[in-house]
Structures are given as structure tokens and as C-alpha cells.
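**Q** Take this structure first; my questions come after.
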């Protein structure tokens, strides 16, 4: 009997402990990464909405982001193997451009149907800065890394535009 | 004097608007992300590492037959369970020649997954949220549908990326071998 009680007590304690730790990790992530980035992003949004900067950017972006061809051009530029590793780190560029395009969608300057292809168009450089580290995390041999880095970067030139088309097709009928 | 006041007014208005947006994000996004993160963190811990690794070993086998598993299901599970950037350690289970393609595939999924599963890449939510915030204003009922489509389109894209990178990697290695 005592053993049973002990076992129930232990397992319940374990479950509660795990849940509590999960909550702690969640709040930690929120405070340390999500909210700081949110503060920065909302400031950018404030600037766009309240100053003339917004209109200037809007005119620049609108031409590119309101047609499939324009998004394609953005995507190909971001995927150029020399540029893509520079644009990659922390997805900061993709996030800022995402906010800019999102704000323009919110103001009605860009059609909602462009949202999905745009999500892919602004992001062909994802992880291009991180290839050696990512491969090292997968315990790849040094030779694999030597060939793997240019292979991934080259592949993005092809798969970037394809991803925009896939996004466009998936947005049909939305 | 009036010009000065107008200038100050315009200046402070930037921050008022920013603050309004911030409050909107805080009440709209933070609560659901926190609760969701907690649930998924706990789920991952309950499922346990061994079971996930067992799956990874099965999914990372060689051959064209396993391609759809290797470049859709495996990256999905890796990113969902281990989150960015630990997910790339799943490369360990793959044959050497598929590692670059797997990395390409997995890393391309860390944003499409955030529309529905924000825990997977909490630090880079605004690729999705930036655009979703705009859609929310124009067509609020469309946001979830868009998130689902982003996820599905992401799966198609990472499969294509995996296959294309595999091919390019093979061409590059054989060329290298030819030169040496």
C-alpha cells in the first residue's frame, strides 16, 4: 500500500514538474526573444504608419510585391549565392521585409492573395549563413561541408523561384 | 511655436501608434504562444528522445523510395520536436551524401511551420507574423487558412529543395572527383 502511494506521488510529481518546467521554458523564450523582437518590430510599424517613410517604401515595394513577376525578381536577387549568406543571419531581413509587406497588405496596397507567394519570395536565403554550422550539427565530414555549402547556395537559385510559384498555386482559391 | 508643437506631436504620434500595435500584439499573440509553447514543450518531454531517435533512424534510410519521407516527414518531426537550431542534429542519422539536402530541407521549414506551431522557431516568428498581421486587418477570417496553406506549401517546397540539392550535390562531388 505504501509503495503504491509512493509511486503515485512520484509520477504525479514528475508530470507536474515537467509541465512546470515546460511553462518556465515557454515564458523564458517569450521574455528573452519574442517580446524584444516584438518591441523592435512595433517601432518599425509605428514609423511606417506615421511618417512619410511608409509611403516611400510602399511605392518601392508595391511594384515588386503586387505581381508574381515582381516577387520572382525579389526572390532571385535574395537567392544570389554571394548575397544569400549576408541576408540570412537571424532571419532579420526576412522578418523586417515581412513586416513591411504585411503593413502594406493591411493598408490595402497589396492584395491578400500575394501574401503566400510573398512569404516564400522574401525568404530564399533562409539558413544560407548557417550551412557549415548546420552540417556540423549533423556530424558531416569536412569534405561534405566543402561541397555542401556551394551545393545548397546554388540549389536556392533554382528552388527559390519554384517556391514562389508553389506559394502562388497554394494561394489560389483562398 | 506652432510648428514646434506640431513637430513634437508628429514625433510622439509615431510612438503612440507603435505602442498601440505593441499592445495589440501582446494581447493577441503572447498569451496563445505561451500556452502553446508550454503544451508542446511538455509533449516533447513526455514522448522522449529515444522514441524520436528511433523514428529518425527509420526515416533517414537511403534510396529514392524514402525520398518523400526523408525530405518532408523527417524535417517536420525534427523541426517540431527539436526546434531551431537543434533540429539539424538529425543529420547525424543520414548517409553522408544526403546531409546537405537534409539541412536545406529542414532549414527551409523553420518558417512555414511557425504559422501553426510557433514553438518551433520562437525567435523568428515575424516572417510569418509580419505578413499575418496585415492579413488580419484586411481579412481576419483568412489567417488560419493562410497558416495551413503556408505549412502545406512549405512541405512541398522542402521536398523540392531536398531533391534538387541532392542532384546538385551529386554533380558537384563527381566533378570534384574527376578533377582530382
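Just so it is clear, none of the values below were taken in a lab; they were calculated from the coordinates. A quick note: this is a predicted structure, and the numbers were derived from the prediction, not measured. With ideal geometry, Cβ positions are generated from the backbone for all residues, glycine too; neighbour counts draw on all protein chains shown.
**Q** How far, in degrees from 0 to 90, does helix A:68-79 lean away from the longest principal axis of the Cα atoms of chain A, to the nearest 10?
**A** So the helix axis and the longest Cα principal axis differ by about 60 degrees.
**Q** Another question, then. Of A:120, A:170, how do they rank once you tally other Cβ atoms within 10 Å and put the fewest first?
**A** Placing the least packed residue first, the sequence is A:170, A:120.
**Q** With everything on Cα atoms, drop me the angle between helix A:92-106 and the longest principal axis of chain A, reported from 0 to 90° to the nearest 10.
**A** 70 degrees
**Q** Expressed as a whole percent, how much of the Cα-Cα distance distribution for region B:1-157 exceeds 29 Å?
**A** Counting pairs separated by more than 29 Å, the tail of P(r) holds 33 percent.
**Q** Treat each spin label as a single point 7 Å out from the Cα along the C-beta direction, and report the residue A:82 to residue B:62 distance in nm.
**A** The two pseudo-label positions are separated by 3.9 nm.
**Q** How many Cβ atoms of partner chains, on average, are near each residue of A:110-120 if near means within 10 Å of its Cβ?
**A** 5
**Q** Could you put A:168, B:103 in order, starting from the residue whose Cβ has the fewest other Cβ atoms within 10 Å?
**A** A:168, B:103
**Q** Fully extended, how many nm does the chain gain between residue A:143 and residue A:8 (0.36 nm per residue separation, minus their Cα-Cα distance)?
**A** 43.3 nm
**Q** Moving on to the next point. Rg and Dmax of chain A, Cα atoms, in Å?
**A** Just the Cα atoms of chain A yield Rg and Dmax of 22.2, 75 Å.
**Q** How big is region B:77-177 by the Kirkwood estimate over distinct Cα pairs, in Å?
**A** 14.7 Å
**Q** Report, in whole Å, the centroid distance computed from the Cα atoms of region A:65-80 and region A:19-50.
**A** A separation of 29 Å, based on Cα centres.
**Q** Would you mind classifying region A:24-75 by shape? Square roots of the alpha carbon gyration tensor eigenvalues, ordered a ≥ b ≥ c; an a/c under 1.5 is rounded, otherwise it is prolate if a/b is larger than b/c and oblate if not.
**A** In terms of gyration-tensor shape, oblate.
**Q** Average partner chain C-beta neighbours within 10 Å, per residue of A:7-20?
**A** 1
**Q** Still on this structure: Please rank B:58, B:128, fewest neighbouring Cβ atoms within 10 Å first, as an exposure proxy.
**A** Listing B:58, B:128 from fewest to most nearby Cβ atoms yields B:58, B:128.
**Q** Also, quick follow-up: By the gyration tensor of its Cα atoms, with a ≥ b ≥ c the square roots of the eigenvalues, what is the shape of region B:45-111: rounded for a/c under 1.5, prolate for a/b over b/c, or oblate?
**A** Here region B:45-111 falls in the oblate category.
**Q** If you line up the long axis of helix A:2-29 against the longest principal axis of chain A, both from Cα atoms, how many degrees apart are they, to the nearest 10?
**A** Approximately 20 degrees, to the nearest 10.
**Q** Separation of region A:139-174 and region B:31-103 by C-alpha centroid, Å?
**A** After rounding, the separation between the Cα centres reads 19 Å.
**Q** For the protein assembly as shown, count all C-alpha to C-alpha pairs, find those more than 34 Å apart, and express that count as a whole percent of the total.
**A** Here the long-distance tail beyond 34 Å is 31 percent of all Cα pairs in the protein assembly as shown.
**Q** May I pose another question? How much length, in nm to one decimal, is gained on full extension between residue A:165 and residue A:67, taken as 0.36 nm per residue of separation minus their Cα-Cα distance?
**A** Going from the current span to full extension adds 34.1 nm.
**Q** Round to a whole angstrom and tell me the spacing of the C-alpha centers of region B:7-28 and region B:126-176.
**A** 32 Å
**Q** Simple spin-label model, 7 Å along Cα-to-Cβ: residue B:9 to residue B:30 in nm?
**A** 3.1 nm
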